[in-house]
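Before any comments, here is the structure.
FYI, it's all coordinate maths here, none of it is from the lab. Since the structure is predicted, the reported quantities are computational estimates derived from the model, not experimental observations. Cβ placement follows ideal geometry from the backbone for every residue including glycine, while neighbour counts extend to all protein chains displayed.
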Amino acid sequence: MKTILSSTMYVEPWDRLQRETGLQTGVLRADLSTMISHGLVDVFQEEEGAPTTPFFDADNMQGFHFQSTHKGVKALALATAKEPRRIPPQDD
């Protein structure tokens with residue numbers, strides 16, 4: 001979830017999103033569908049900046065663009081805040 005949300009801070013086409021996340025097509029499709037249904041990601045027509053469409057072809061998501069919603073950005077911030085801090089080892 002965090003990988004997709006952080007990759008969709010701006011309107012991104014499917015192919016760039018898949019390249020940035022490194023997820024397989026089926027995994028990306030399933031995760032995006034879940035996030036869309038929970039209001040974490042908006043779907044846009046093929047042209048960037050086109051109005052959000054409530055309908056999209058889940059079997060052909062390659063023709064759409066995606067962007068994290070305000071709710072998605074908040075979820076990402078919350079998930080990131082809950083991660084344990086990684087402290088680099090110190091050389092003595």
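For the reader, a short list of remarks on this structure follows.
- Projecting the Cα atoms of L23, F44, T3 onto the charge dipole of segment 2-81, computed from C-beta unit charges around the Cα centre, puts T3 farthest toward the positive end.
- Sorted by Cβ density within 10 Å, fewest first, the residues L78, L23: L78, L23
- For segment 23-31, 3J(HN,Hα) computed residue by residue from phi via the Karplus equation (6.51, -1.76, 1.60; θ = phi - 60°) reads 7, 5, 3, x, 5, 4, 4, 5, 5 Hz, glycine and proline entered as x.
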